[in-house]
Amino acid sequence: MASSHQKTKRARTAPRKRRSEGQPTSVRSVATQHRVARAMTEMRKGRSLTEAATQAGTTVRTVRKYAGHALRRRARIYEALPKDEVRRRMRVPTNQGVAVEDIHSSRTASRLSKYWGAVDHYLRTGDQRRLRPFVGKRIRAGGHLFLFVTDPELLSRLAEVGEVRFEDLYSATI
């Protein structure tokens, strides 16, 4: 007679493939990482984790989930490390227009932001001096190298056809 406590054998299934930590798969997750990146920026400006999360429109728990590796805790206070590897989808310049690519470094994101500031300054004033530091320079984004577009005529053409916009450097598209 069989015992009522016998274990039943389960069919063996293939292990589930896990996505790597911090890699969003949906538009919602990309937007979340965008908010987390903004919170990290606010923390580097001296805000507390709670203040930075609130300012960025997210929660402390979410910041710790996506960027915990970029935080240091000292005496119950969280500090942002000088750089992080939080993924950001940002607009990257190309000769054909603007591409949306993954940026995996806060330093690369900051450099790209300074570039876009220089482009905006040039398009508003015609002054090319702020573009000079980017001549011949490249950035790595999405596993590819991109040369900064610094040719004034090309930048003007791209702006005329609407390829250069400054509402937001980040993109929530996949």
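The values are calculated or read from the model by the stated rules, or taken from the named source; none is laboratory data. Computed from a prediction, not measured in an experiment: that's the story for all the values here. Glycine gets a Cβ as well: all are built from the backbone with ideal geometry, and neighbour counts include every protein chain shown.
Of note:
Each row is one residue, and each column tells you yes or no for (1) hydrophobic (A, V, I, L, M, F, W, C); (2) more than 30 Å from Val119 (Cβ to Cβ); (3) at pLDDT below 90.
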{"residue": "Val30", "(1), (2), (3)": "yes, no, yes"}
{"residue": "Met43", "(1), (2), (3)": "yes, no, no"}
{"residue": "Ser48", "(1), (2), (3)": "no, yes, no"}
{"residue": "Arg61", "(1), (2), (3)": "no, yes, no"}
{"residue": "His69", "(1), (2), (3)": "no, yes, yes"}
{"residue": "Arg87", "(1), (2), (3)": "no, no, yes"}
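- Among the residues listed as Glu153, Glu163, Glu101, Glu85, the single one being under 28 Å from Arg28 (Cα atoms) and surrounded by fewer than 15 Cβ atoms within 10 Å (Cβ to Cβ): Glu85
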